[in-house]
Amino acid sequence: MATLFILFGLIFVANIYLIIGLPEDLVYGYECIANDCVKFELNEENLKRALSLPVCYMLCSDSIGTLWPKPNGKVIYDSYLFHIDLGNILFNSSTSPAVYAHLWKVNEERFAERLQNKLPDKEIKNKGGYPIKILINIDNSEFKEVSKLTLNTDESYTLNVTKEDNFIIADIRAKNFFGIRHGLETLSQLIVYDDIKHELQILGNVSLSDKPAFRWRGLMLDTARHFYSVKSIKRTLDAMAMVKLNTFHWHIIDSQSFPMEIKARPELHKLGAYSQRKVYTHRDITEIVEYGRQRGIRIMPEFDAPAHVCEGWQNKISATACFKATPWSNYCPEPPCGQLDPTINDTYSVLQDIYQDMFNLFDPDVFHMGGDEVFFACWSDKQSIADWMTGLNWDLENLGFTQLWGNFQMKAMRTVDSVAKNKQVPIILWTSLLTDPVHINRYLNKRRYIIQIWTEQNDSQVLGILERGFRIIVSNSDALYFDCGGSSWLEAETNWCSPYNGWQRVYENKMENIAKGYVSQVLGAEAAVWSEQIDEQNLDQRLWPRASALAERLWSNPSDNWQKALARLRLHRENLVKNGIAAEPIQPEWCLQNPKSCLISSQF
């Protein structure tokens with residue numbers, strides 16, 4: 001009898017909701033009070049003024065609350081929305097040569113998928129709405145070749161959304177494909193699903209101009225300590241595109257594994273990969289490079305040398321030093337050890353074959369040559385190297401080994417130039433003894449080299465590099481190393497760069513604080529994922545939404561603090577999840593529904 005009574009009660013409540021017009025699957029709605037989305041229980045009287053949570057987030061702030069990254073330009077909009085028809089979206093490009101057709105097709109499909117992912121259960125209950133016409137205009141009559149992102153690419157765009165007759169018109173203008181793509185990304189964020197009205201809605205009468213504050217906005221992924229599937233790399237590129245990151249720095253090879261196919265030297269990956277199933281073939285790499293380009297992302301390879309060389313080089317031990325030497329801590333920062341021997345001619349012929357495949361496959365506009373963590377003890381332990389240096393009257397102390405390193409870098413760069421057909425591609429090196437202000441001008445040319453900073457924000461070497469006219473990319477470990485925090489993999493303590501760098505620290509990591517008066521020499525920044533304790537199973541959680549915080553810092557360079565961004569990031573994290581990215585939560589879900597209640601200080 002009790003069970004029957006409960007069942008009757010549930011049926012009665014459901015029928016009441018249908019009778020008075022309330023959504024049967026909703027209990028709460030929201031209203032905007034003093035820039036805060038305030039939750040209340042729905043009833044017949046308040047239903048008409050109730051906002052769904054995404055609509056409230058969009059309208060209830062001093063900016064459009066669904067946009068990430070925040071636009072870096074003038075934004076004008078009206079606070080009303082139009083019901084749109086998901087099944088009636090028309091793309092119209094008046095200036096589109098055939099060579100661009102596949103780029104448009106990929107991004108049209110991606111745009112439709114982004115909208116589909118906004119829907120609960122992948123369906124709309126309230127059909128109909130206004131059709132959307134998306135007008136694509138490239139303000140450059142001379143574009144004839146397939147787009148390639150470079151350091152000089154103009155990624156700016158303008159976006160105007162208006163209602164004309166029985167259509168919603170979205171007009172996107174840019175100088176090239178990359179700007180158009182960014183505009184489409186922003187347009188997708190102006191559309192939300194209203195779960196009270198059960199329909200997709202677009203913000204009306206929007207006009208915005210937008211451009212990045214920094215031209216280099218990247219992530220670095222190490223695929224040598226752990227192998228990552230092509231699928232997981234593509235998933236990372238999809239997330240990067242959502243937040244307008246434009247550089248995937250692929251640290252593809254290291255001492256632990258050599259997972260890249262080199263056609264002229266097949267023994268490198270046959271001996272160096274974890275298995276023959278864990279190799280990036282030429283087909284894989286070509287596919288990833290094109291996948292990135294379609295999403296506005298350059299794929300930049302790194303071959304780290306002269307250190308970080310071991311697995312794969314078993315048949316070339318004569319071209320190396322301290323190969324798998326023990327105890328490893330005397331010769332390298334982590335096992336297994338190995339460095340290239342700069343005195344052996346065969347070293348450079350092997351490098352030429354590696355560089356040749358990298359340039360053929362990636363066609364990089366910038367190339368990363370590593371130059372990290374060279375141990376002089378490794379070279380000094382090989383008698384033939386000592387004899388070679390003595391023959392040149394070089395001492396066998398730090399100064400002499402720095403000369404040896406500088407000599408290697410000069411020859412390696414000449415090898416790069418030979419495979420690049422003397423295009424003088426810019427070269428990136430990690431900060432090291434070679435980039436120390438005492439040595440940098442002797443061995444490196446500021447017009448050719450870009451220095452990637454991995455030391456801490458307050459490292460005095462950074463200003464010394466900038467004062468000498470070099471451009472930099474910032475990856476300071478005390479904010480942008482995403483593997484920091486947690487246990488060490490070598491001993492029973494926290495890892496070397498602990499503590500964990502939270503998204504707030506990433507967001508507040510301002511280039512002005514690092515470069516002081518030399519911000520014009522900062523190309524941008526990268527977050528780094530070193531993979532000793534990360535693989536594709538926990539990659540998403542380690543990257544997102546912290547990489548989104550970096551994306552806004554580099555695109556918008558906001559003057560506001562992280563507290564001002566918190567509400568938007570909460571919603572953005574939900575959008576990442578809806579699009580298949582297993583992003584880490586930043587607060588309890590209750591905070592998403594009670595935005596202002598989860599700040600310690602009421603002043604924000």
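Listed values for the stretch 229-244 are Karplus-derived 3J(HN,Hα) couplings in whole Hz (6.51 cos²θ - 1.76 cosθ + 1.60, θ = phi - 60°), namely 5, 4, 4, 6, 5, 5, 4, 5, 5, 4, 5, 4, 4, 4, 10, 6, and x replaces Gly and Pro.
Can you pull the semi-axes for the stretch 332-385, root of five times each eigenvalue of the Cα gyration tensor, sorted largest first, whole Å? Provide the component values of the computation, followed by the final result.
Working: eigenvalues 130, 45, 15 Å².
Taking √(5λ) for each eigenvalue gives 26, 15, 9 Å, largest first.
Ligands, DNA and RNA left out, the accessible area of the chain computed with a 1.4 Å probe is 51% carbon and sulfur.
Under 20 Å Cα to Cα from K446, which lysines show up? Leave out anything in the same chain fewer than 8 places away. Excluding near neighbours in sequence, the set is K411, K423, K516. Each principal axis of the stretch 445-604 carries a Cα extent, and these read 53, 41, 29 Å when sorted largest first.
In the stretch 347-393, taking the dipole from charged Cβ atoms about the Cα centre, the farthest positive-side position among Y355, W388, F376 is held by W388.
If r is the Cβ-Cβ distance from Q424 to F167 and R0 is 41 Å, what FRET efficiency results, to the nearest 0.05?
Details: r = 49 Å, r/R0 = 1.20.
Calculated value: 0.25.
Subtracting the Cα-Cα distance of E287 and K516 from their residue separation scaled by 0.36 nm leaves 78.4 nm. What you get for the stretch 360-481, charging only the Cβ of Lys and Arg (+1) and of Asp and Glu (-1), is a dipole of about 700 debye around the Cα centre. Cross-link reach is defined here as a Cα-Cα straight distance under 21 Å, omitting same-chain residues fewer than 8 places apart; for K133 the lysines meeting it are K105, K118, K163, K175.
Mean projection of the Cα convex hull over all viewing directions, computed for the stretch 265-362: 7.1 nm². Entry for the stretch 29-166 at q = 0.18 Å⁻¹: log10 I(q)/I(0) = -1.34, Debye formula applied to identical alpha-carbon scatterers, no solvent contribution. Stretching V438 away from E491 to a fully extended chain increases their span by 15.6 nm, per 0.36 nm per residue minus the current alpha-carbon distance. Annotation: amide H-H contacts under 5 Å for G486 (H modelled 1.01 Å from N, sequence separation of 5 or more, or interchain): N495, Y500.
Over the stretch 308-433, consider all pairs of different Cα atoms and compute the Kirkwood hydrodynamic radius from their mean reciprocal separation; express it in Å, one decimal.
On the way: mean 1/r = 0.0653 Å⁻¹.
Kirkwood radius, the stretch 308-433: 15.3 Å.
Solvent-accessible surface of the chain, taken per residue with a 1.4 Å probe and all protein chains present: 42 Å². Remark: the stretch 205-250 carries a charge dipole of roughly 60 debye about the Cα centre, counting +1 on each Lys and Arg Cβ and -1 on each Asp and Glu Cβ.
Taking every DSSP beta bridge that has both residues in the chain, what percent is antiparallel when rounded to the nearest 5? Counting DSSP beta bridges with both partners in the chain, the antiparallel share is about 40 percent. Which of the following values of volume of the Cα convex hull per residue in Å³ was calculated from the structure shown: (i) 154; (ii) 186; (iii) 244? Derived directly from the coordinates: (ii).
A 1.4 Å probe, protein heavy atoms only, puts the accessible area of K148 near 90 Å².
For the chain, the dipole from Cβ point charges (+1 on Lys and Arg, -1 on Asp and Glu) about the Cα centre works out to 1240 debye, to the nearest 20. Diffusion coefficient (Stokes-Einstein, Kirkwood radius over C-alpha pairs, 4 °C, 1.567 mPa s) for the stretch 133-202: 95 µm²/s, rounded to a whole number.
Positive contributions from Lys and Arg (+1) and negative ones from Asp and Glu (-1), summed over other residues with Cβ under 12 Å from the Cβ of L434, come out at -2.
How much net charge surrounds A34 when only other residues with a Cβ under 12 Å from its Cβ are counted (Lys, Arg +1; Asp, Glu -1)?
Local net charge: -2.
The length gained on full extension between D85 and L135, counted as 0.36 nm times the residue separation minus their Cα-Cα distance, comes to 16.3 nm. Residue farthest toward the positive end of the dipole of the chain, with Cβ of Lys/Arg at +1 and Asp/Glu at -1: which of M300, L200, I136? Farthest towards the positive end: I136.
Normalized C-alpha radius of gyration of the stretch 183-263, against 2.2 N^0.38 Å?
Numbers: Rg = 18.8 Å, N = 81, 2.2 N^0.38 = 11.7 Å.
Computed over Cα atoms of the stretch 183-263, the ratio equals 1.61.
Listed values for the stretch 520-526 are Karplus-derived 3J(HN,Hα) couplings in whole Hz (6.51 cos²θ - 1.76 cosθ + 1.60, θ = phi - 60°), namely 5, 8, 8, 6, x, 8, 9, and x replaces Gly and Pro. Among the cysteines of the chain, those whose beta-carbon sits 4.7 Å or more from every other cysteine beta-carbon are C310. Of H226, H308, the residue with the largest accessible area leads and the full order is H226, H308 (1.4 Å probe).
For the stretch 91-226, the extents of the C-alpha atoms along the principal axes are 46, 45, 29 Å, listed from largest to smallest. The value for the stretch 464-506 of Rg(Cα) / (2.2 N^0.38 Å) is 1.52.
Coordinate range of the alpha-carbon atoms in the stretch 42-93 per principal axis, descending: 46, 31, 17 Å.
Two numbers describe the Cα atoms of the stretch 149-291: Rg and Dmax, which are 20.6, 66 Å. Over the stretch 57-133, the fraction of Cα-Cα pairs per 5 Å bin, rounded to whole percents and listed from the shortest bin up, is 3, 10, 16, 17, 21, 19, 10, 3, 0.
Modelled spin labels at V75 and L396, positioned 7 Å past Cα toward Cβ, are 6.4 nm from each other. In the chain, the calculated helix contribution to ellipticity at 222 nm averages -10000 deg cm²/dmol per residue, counting -39,500 (n - 2.57) for every DSSP H run with n ≥ 4. Close amide H partners of S93, meaning residues 5 or more places away or on another chain with modelled amide H under 5 Å apart, are I136. When the charge dipole of the chain is built from unit charges on Cβ atoms (+1 for Lys and Arg, -1 for Asp and Glu) and taken about the Cα centre, the candidate among N398, L466, N538 whose Cα reaches farthest toward its positive end is L466. With just the Cα atoms defining each centre, how far is the stretch 515-536 from the stretch 262-306? Give it in Å. Each part's Cα centre sits 22 Å from the other's.
The values are calculated or read from the model by the stated rules, or taken from the named source; none is laboratory data. Treat the numbers as computed from the prediction; the structure is a model and nothing was measured. Reconstructed Cβ throughout: ideal geometry from the backbone, glycine too, with neighbour counts over all protein chains shown. Side chains are part of the model used for accessible areas, which takes the heavy atoms of the whole protein and leaves out ligands, DNA and RNA. Shrake-Rupley method; radii C 1.70, N 1.55, O 1.52, S 1.80 Å.
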